[in-house]
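Notes follow once the structure below has been shown.
The values are calculated or read from the model by the stated rules, or taken from the named source; none is laboratory data. Please read all numbers here as calculations on a predicted model, not as lab measurements. For neighbour counting, all protein chains shown are included, and Cβ atoms are generated from backbone atoms with ideal geometry for every residue, glycine included. Each accessible area value is taken on the protein alone, full model and side chains, heavy atoms only, with ligands, DNA and RNA left out. Shrake-Rupley method; radii C 1.70, N 1.55, O 1.52, S 1.80 Å.
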Protein chains: 2
Amino acid sequence: MSSRQRIVVVGGGVIGLSVAWRLAASHEVTLLDPTPAVGASWVAGGMLAPVTESWPGEEDLLDLGSASLESWPAFAEAVGVPLQTEGTIAAALDSADAAVLDMLADHLASRGREVRRLTGPELRAADPALGPSIRSGLIVPGDLAVDTRELLRRLVDLAREAGVAFDPRSAAAVRPGAVVLTDGATLGCDTAVIAAGAWSSALHSALEGLVRPVKGEILRLRVRPGVVPLRHTVRALVESRHVYLVPRPGGELVLGATQYEAGFDDEVIVGGVRDLLVDAERVLPGLAEYGLTECAAGLRAGSLDNLPLLGRLEPGVLVAAGHHRNGLLLAPITAEVVNALVAGEDPPASAAAADPARHARTKR
Amino acid sequence: MSSRQRIVVVGGGVIGLSVAWRLAASHEVTLLDPTPAVGASWVAGGMLAPVTESWPGEEDLLDLGSASLESWPAFAEAVGVPLQTEGTIAAALDSADAAVLDMLADHLASRGREVRRLTGPELRAADPALGPSIRSGLIVPGDLAVDTRELLRRLVDLAREAGVAFDPRSAAAVRPGAVVLTDGATLGCDTAVIAAGAWSSALHSALEGLVRPVKGEILRLRVRPGVVPLRHTVRALVESRHVYLVPRPGGELVLGATQYEAGFDDEVIVGGVRDLLVDAERVLPGLAEYGLTECAAGLRAGSLDNLPLLGRLEPGVLVAAGHHRNGLLLAPITAEVVNALVAGEDPPASAAAADPARHARTKR
């Protein structure tokens, strides 16, 4: 199986692009997507934050995310994008929010993770742009962030340079030995990789009901002269609503993200934008003076347990989907898993829990 | 002076386009604008509402606006755009807002204008989409509204068909007999018309200090299935802040508009968007479920007294600028005034107060 294969990767988001680029070193790769790099990845915030994203009961995801985070510095260097290494601040506004963060800190400590608890004044000393209504928080030094759009542009270029053929047609179904296109044609291959994010379920019967769209709105802002810029990525709980703020070196500030279980509706809604702006302003009082450059929505690929589906569905058919809020973070390890499976090798141990076979077992 | 002239109109917003189209029937007209139809007019809400816009002390503007409103049905028919004739509701949220509307109603009654005062419940009976926190309001039957973008597209087409030459260069100065361009060239003409909105002051020394940019943000929304649509144009006072909501037949809802005296800065700011959304939601509680399709900002041309500048600056140089919040409303009468002046005839009496000579008198 280590010989050169014909591989079709279905889907050109950050996962499909990373997989295709990696495989192109040893195989003949076609990437199938009418509009590569414009889906959920394009609107993502770019936090690489397995620790602040973690939650009791999702230890497998924390381990998988941590393993991928370790790969990120080398991945970013190979891609040629800088990483933001200032770390993440988790911030709590009201007492219920603070209780959640305390619970998270206890959980992380029990898993041996480094977190530092800070009072509101200590947080403001660490980042003077933060507002006085922040009650408490955590500083997580290891989390990273990346400019998603710069990354995607580079991945498209690198994949092209590595010989990946970009095919602008759409897939309708994936079966062993072929991808069936919506125009009725078929594209023969030795291995097909389903990396179509929220649209993956429809491509193979084994994925039915396992991946669903989760809409998220995200705003792009621009710091203006005279505003004290935010230095750290902040993930805040504002009266139990989540909001994150990702500042970029060039002055961009990304605000996200809402979550809706609303099918394939991907329209930006007034209520979502209002919540993001009002909640983020509690965290960053200077927000009103930022420029607003973009309101966008994307459809994440939600899975049943928030773990992605990384593995073999049947001979010649692999899946790399269901990454939900963690597509950017998990791109390096996903490419590694798919590359190992194509080569007939064992994938990294941390990815074992993400094998889609877990659901086949549940169904039986 | 009634012979065929070479005329250069500087500026291709709704004023410049209306003027150029009108003059092209009898003259050889060049319209000078690198980007016609994309300035303040393009982001305008399209309310044709001299009565709900009126204010004690601005009687000249009310008379001018009313005269132009009378021309609107014929103008709209000639252009080929429909008018919205449901009338405007003026709504007040808190008791101070209600007091302002009472004052306005008294003022309008004293000027012989038809207005009907309604309680909150009466307003909600008239338009069930309105929210329960509206305290009181007025219904003004005569005010109209128009789809600004449809209008602008039609005006560009009509002007072209009428023979107007669109020149994409920029004007630097206007003097008798010639328009000087930013590239140093000059464009000879018998008459030049300065219709460059907020950029007019720099074009002629007589306009120095008379026109300034007034930034306004405006949002475009889209009604979604299940939402009770707003039927009337609403101009609301929400804790002393102004917000207007203009529903269009196709399901678009335009929300406006902030006002900033901030020079030529035309960036959309978070604080403005937040205020518009939060205030408009008080008026229209279903707003959160609308789609948000566009956030934009434009620069209105503010004048010293809120009246536009319509008249002759010196022989061969006319001005049609400073329309502030009333460019759409005043387009027909502005075209009529300029056409009369070019023909050597008397402009309509209602436009006498808008003669720029009023400021020359003040200066002396």
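Listed values for segment A:120-127 are Karplus-derived 3J(HN,Hα) couplings in whole Hz (6.51 cos²θ - 1.76 cosθ + 1.60, θ = phi - 60°), namely x, x, 5, 5, 5, 5, 6, 8, and x replaces Gly and Pro.
Net charge in the neighbourhood of A:LEU284 (other residues with Cβ under 12 Å of its Cβ; Lys, Arg +1, Asp, Glu -1) is -1.
For chain A, excluding the exposed loop sites themselves (GluC sites (Glu not before Pro), DSSP loop, at most 14 other Cβ atoms within 10 Å), the longest remaining stretch covers A:1-113. Take the Cβ atoms of A:ASP157 and B:SER26, set R0 to 56 Å, and the FRET efficiency comes out at 0.45. Taking the charge dipole of segment A:107-244 about its Cα centre, with +1 at Lys and Arg Cβ atoms and -1 at Asp and Glu Cβ atoms, the residue from A:ALA172, A:LEU108, A:CYS189 reaching farthest to the positive side is A:LEU108. What is the Cα centroid distance between segment A:254-287 and segment A:60-131, reported in whole angstrom? For segment A:254-287 versus segment A:60-131, the Cα centre distance is 21 Å. Loop-resident trypsin sites (Lys or Arg not before Pro) (DSSP state other than H, G, I, E or B) in segment A:1-46 with no more than 14 further Cβ atoms inside 10 Å of their Cβ: A:ARG4. If you take every DSSP beta bridge whose two residues both sit in the protein assembly as shown, what share of them, in percent to the nearest 5, is antiparallel? Approximately 70 percent, going by the DSSP bridge assignments. Prolate is the label for chain A. Its Cα gyration tensor axes, ordered a ≥ b ≥ c, give a/c of at least 1.5 and a/b above b/c.
Here segment A:35-108 is treated with +1 on each Lys and Arg Cβ and -1 on each Asp and Glu Cβ, and its dipole about the Cα centre works out to around 380 debye. Only protein heavy atoms count here, probed at 1.4 Å, and on that basis chains B and A bury about 1800 Å² of accessible area in total. The long axis of helix A:270-283 is offset from the longest Cα principal axis of chain A by roughly 50 degrees. Counting, for every residue in A:283-290, the Cβ atoms of other protein chains within 10 Å of its Cβ and taking the mean gives 3.
Each residue, A:ALA99 and B:THR182, gets one label point 7 Å from its Cα in the Cβ direction; the gap between the two is 6.0 nm. Measuring r between the beta carbons of B:GLU289 and B:ALA173 and using R0 = 51 Å, the FRET efficiency lands at 0.50. For the Cα atoms of chain A, what angle does the longest principal axis make with the long axis of helix A:327-342, in degrees from 0 to 90, nearest 10? Once rounded, the angle reads 20 degrees. Under 9 Å from the Cβ of B:ALA297, count the other residues' Cβ atoms, weight Lys and Arg +1, Asp and Glu -1, and hand me the total. Around B:ALA297, the surrounding residues sum to -3. Amide H contacts under 5 Å for B:ARG116: B:ILE139, restricted to partners 5 or more places along the chain or on a different chain, H placed in the peptide plane at 1.01 Å from N.
For a test of the definition: using alpha carbon positions, the gyration tensor, and the 1.5 limit on a/c, classify segment B:1-160 as rounded, prolate or oblate. Here segment B:1-160 falls in the prolate category. Near A:ARG175, the amide H atoms lying under 5 Å from its own belong to A:VAL180; only residues 5 or more places off or on other chains count, and H is placed 1.01 Å from N. The dipole here belongs to the protein assembly as shown: it is taken about the Cα centre, uses +1 on the Cβ of Lys and Arg and -1 on the Cβ of Asp and Glu, and is about 400 debye.
In nanometers and ordered shortest first, the copy-to-copy spacing of the A:ALA165 label point, defined 7 Å from Cα toward Cβ, is 5.3. Amide hydrogen proximity for B:ASP266: with H placed 1.01 Å from N in the peptide plane, no residue at 5 or more positions away or on another chain lies under 5 Å. Across segment B:162-252, Cα pairs under 8 Å and at least six residues apart give a relative contact order of 15 percent.
Rounded to the nearest 20, the Cβ-based charge dipole of chain B about its Cα centre (Lys and Arg +1, Asp and Glu -1) stands at 220 debye. Of the residues A:VAL337, A:VAL317, A:PRO347, the one whose Cα sits farthest toward the positive end of the charge dipole of segment A:310-364, with +1 on the Cβ of Lys and Arg and -1 on the Cβ of Asp and Glu, is A:VAL317. Coupling constants for segment B:150-164 follow from the phi torsions by the Karplus curve (6.51 cos²θ - 1.76 cosθ + 1.60, θ = phi - 60°), and in residue order they are 5, 4, 5, 4, 5, 4, 4, 4, 5, 4, 4, 4, 7, x, 5 Hz; glycine and proline get x.
Mean per-residue shielding of peptide A:260-272 is 4, counting Cβ atoms of other chains within 10 Å of each Cβ.
Compute the helix-to-body angle for B:59-79: its Cα long axis versus the longest principal axis of chain B, expressed 0 to 90° and rounded to tens. Long axis of B:59-79 versus the principal axis of chain B: about 80 degrees. Classify segment A:1-90: rounded, prolate or oblate, from the alpha-carbon gyration tensor (a ≥ b ≥ c, eigenvalue square roots; a/c under 1.5 rounded; otherwise prolate if a/b is larger than b/c)? Prolate, because a/c is 1.5 or more and a/b exceeds b/c. Projecting 7 Å from Cα along the Cα-to-Cβ direction, the label point of B:SER95 sits 3.4 nm from its equivalents in the other copies, listed shortest first. Among residues other than B:GLY250 with Cβ under 10 Å from its Cβ, the summed charge is -1 (Lys and Arg +1, Asp and Glu -1). Computed from backbone phi with θ = phi - 60° and the Karplus coefficients 6.51, -1.76 and 1.60, the 3J(HN,Hα) list for segment A:261-267 is 9, 9, x, 8, 5, 10, 8 Hz; x is used for glycine and proline.
The antiparallel fraction among DSSP beta bridges confined to chain B stands at about 70%.
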